[in-house]
Amino acid sequence: MKVWVEVIGTDGVSQCREIAIVGRSVDGVGLDALGLSLEEGKAILCRLQEELTQFQVDQASRQDRKCHDCGRLQRVHDYRSRTVHSLFGVCHLRVPRFRSCTCGKLAKTNTGNIETLLKGRATPELELVQAELGSRLSFREAACVLDLFVPTARPHNHRTVVNRLAKVADQIEKWDAASPYRMSRAGGSPISVFIDGAYIRAVPGYQSRHFEIAMGRVVSPGRLPRQFAAAPHVTTGKHDAVRAAMRAQGWLPGRDVTVFSDGDVGLQSIVLSATRQPVTHILDWFHLSMRLRHIEQTWQGLSHIGDLSIYLRDVAVDVPRLRHLLWSGYVREATKAVKNMLYQLEQHATLRDANQKLKRLSVLISNLRSYLVQNTTSIVDYCHRYRSGQPISSSPAESAANSLVNARMNKKRQMRWSPAGAHRVLQVRAAVADGRLKQAKFALAA
C-alpha cells in the first residue's frame with residue numbers, strides 16, 4: 001500500500017507526493033499484522049506533517065515574494081533552515097530570504113505571511129497538550145506519554161514540559177485578568193463562593209515546611225461552576241483569582257455574594273478583598289456537625305458510669321439537644337447550653353480531673369464554645385435551607401481540593417513545590433477541569 005498526498009496551491013496547480021509505503025504478507029500472519037502499527041502510524045504522521053508544513057511555507061513565500069509597492073517579483077537571496085516543533089514531529093523547513101526590490105524599497109523581513117506563519121519555535125497545540133499532561137501527571141510521566149504516542153525525532157524533555165506549562169499558565173492569568181465582566185443570564189441572583197484551604201509540602205529553603213493553597217468553586221444559577229486556586233507569595237494574589245472566577249460567572253460590583261467555608265477568618269478575608277464589599281458568610285454544616293459528633297461520642301463512652309448523669313445533669317440533658325438547636329439555627333440557646341455544661345463541669349472539677357474522658361469532654365465543649373462565639377453570625381437555619389434545596393456545606397470546595405490539589409500534589413504524588421510552580425500547575429488544572437483550556441485562544445507562540 002502506497003500513501004500519497006495531493007496538494008493544490010493558490011495557483012490551482014496540484015502536486016502528488018509519496019509519503020509512505022506499507023507492505024504486508026498474507027501468508028502465516030496473525031492479528032498483530034492487521035492494520036497499521038503504532039510506529040508506522042507515527043512515521044506516516046511525521047512525514048505528512050513535513051510535507052504539509054513545507055507546502056504552507058512555499059505558498060506563503062510565493063505571496064511574500066511579490067513586492068507590495070511595484071508588484072514585481074523579488075529575487076531570492078538564499079535559503080535558511082527553520083525548525084518548528086509540532087504535535088506530529090519536528091519540522092525542518094526551508095525558508096527563502098529575498099533581496100531588495102529593484103524599485104528601491106527594502107525587503108520587509110519582520111512582516112509578511114512567512115513571519116506570521118513561523119512566529120515561534122513550537123505550535124500552540126503542542127504547548128497546550130504538554131501543559132495539560134503536565135498538570136494531570138508528573139512532568140517526567142508526561143514526557144514519557146508524549147514519547148509513546150507522539151512522533152518525535154528525540155525524546156521529550158520534562159524541563160520542556162515544565163517551561164511550556166508555565167507559559168500556558170501565564171497566558172491563562174492574562175486572559176482572566178483582561179476578560180470583561182460577563183452579564184449573567186440569571187439576573188440578580190446571588191453568587192455562591194465555596195472556598196477551602198489545603199497544605200502542600202514546600203521546597204527546601206522555603207520559610208516553612210508547608211504552605212497553604214486556597215481553592216474553591218464559584219457557582220451561579222444558569223452557568224457551569226468555575227473553579228479557582230491560588231498559592232501565596234505570587235504575583236497574582238488569592239483575591240485576584242477569586243475575583244476573576246466571580247467575574248466569569250457574571251458577578252458585578254454590588255451584587256450579593258454568599259460564602260461557604262469552615263469558619264477560617266483568612267478564607268473569609270480573601271473573598272472580602274475580592275469583592276470589596278460586605279458578604280454573607282454561612283458556616284459549613286459538616287465542620288460544625290463533626291465537632292458535635294466528637295462530643296456525642298465522648299459522652300456515650302461515659303454512659304457506663306451510673307451516677308454521672310446525676311452530678312452532671314445539664315450535660316446529660318444538653319448534649320443530645322445541641323445538634324437539634326444548631327440544625328434549626330438556635331445559636332443563642334445552643335451557646336447558653338454550652339455555657340451551662342462548662343459551668344457544671346467546673347463545679348465538679350475533682351470528678352472531671354479524675355477521669356480522662358471527662359477531661360476530654362470538657363476540652364471539646366470549651367472548643368465548641370469558642371467556635372460558636374467566633375461564628376455566631378454565620379450559623380443559619382440549616383433545616384430550612386436543606387428542605388428548600390439550598391446549599392448548607394462547602395462540599396464543592398472539598399471536591400475542588402481533591403481534584404485540583406490532592407490528586408496532583410498530595411496523596412501519592414507528594415512532591416515538594418515552590419509557590420510559583422504550584423500556582424502555575426493549579427491554573428492549568430483549573431482550566432482543564434472547567435474546559436477553558438480548549439476554548440480559549442492564547443498567544444502561545446509569540
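The values are calculated or read from the model by the stated rules, or taken from the named source; none is laboratory data. The model shown is predicted, which means the values in this text are computed figures rather than measured ones. Here the Cβ positions follow ideal geometry from the backbone for every residue, glycine too, while neighbour counts run over all protein chains shown.
A few points about this structure:
Matching residues to (1) surrounded by fewer than 20 Cβ atoms within 10 Å (Cβ to Cβ); (2) under 10 Å from the mean Cα position of the chain (by Cα); (3) not assigned by TED's automatic domain parsing to the domain that holds F211:
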position	(1), (2), (3)
P391	yes, no, yes
S395	yes, no, yes
N406	yes, no, no
M409	no, no, no
R413	yes, no, no
S418	yes, no, no
H423	no, yes, no
L426	no, yes, no
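- From G205, G250, G254, G237, residue being crowded, with 19+ Cβ neighbours inside 10 Å and at pLDDT below 90: G250
- Within region 119-147, residues that are over 11 Å from T160 (Cα atoms) and without any contact (Cβ under 8 Å) to a residue 24 or more places away in the chain sit with their Cβ atoms under 8 Å from residues that are in a loop (DSSP other than H, G, I, E, B) and of a type in the set (S, T, N, Q), at 6+ positions apart or across chains, in these pairs: L146/T152.
- Long-range neighbours under 7 Å by Cβ, at least six apart or interchain, first residue in contact (Cβ under 8 Å) with a residue 60 or more places away in the chain within region 407-425, second surrounded by fewer than 16 Cβ atoms within 10 Å (Cβ to Cβ) and among the hydrophobic types (A, V, I, L, M, F, W, C): M409/M415; R416/V203; W417/V203; S418/V203
- For the condition surrounded by 15 or more Cβ atoms within 10 Å (Cβ to Cβ) and closer than 27 Å to L148 by Cβ, G30 does not qualify.
- Qualifying residue in region 69-79 (condition: assigned to a helix (DSSP H, G or I), surrounded by fewer than 17 Cβ atoms within 10 Å (Cβ to Cβ) and at negative phi): no
- Checking Q207 against (1) without any contact (Cβ under 8 Å) to a residue 60 or more places away in the chain; (2) closer than 15 Å to R424 by Cα, the condition it does not meet: (2)
- A residue that is modelled with pLDDT of 90 or more and of a type outside the set (A, V, I, L, M, F, W, C) occurs somewhere in region 178-192.
- Only a single item in (1) surrounded by fewer than 21 Cβ atoms within 10 Å (Cβ to Cβ); (2) assigned to a helix (DSSP H, G or I) is not met by R243, and it is number (1).
- Every test in (1) buried (at least 18 other Cβ atoms within 10 Å of the Cβ); (2) within 22 Å of the chain's Cα centre (by Cα) is passed by G266 save one, and that test is (1).
- Residue match in region 51-65 (condition: within 37 Å of the chain's Cα centre (by Cα), of a type outside the set (V, I, T) and outside any helix (DSSP H, G or I)): no
- Residues satisfying the stated conditions in region 50-108, i.e. small (G, A, S) and either over 19 Å from G120 (Cβ atoms) or in contact with a Pro (Cβ under 8 Å, 6 or more places away or on another chain) (or both): S61, G71, G89, S100, G104, A107
- At least 1 residues being closer than 30 Å to A245 by Cα and out of contact with any strand residue (DSSP E or B) (no Cβ under 7 Å at 6 or more places or on another chain) is the threshold, and among the helices (runs of 4 or more DSSP H) wholly inside region 262-368 those reaching it are 265-275, 285-300.
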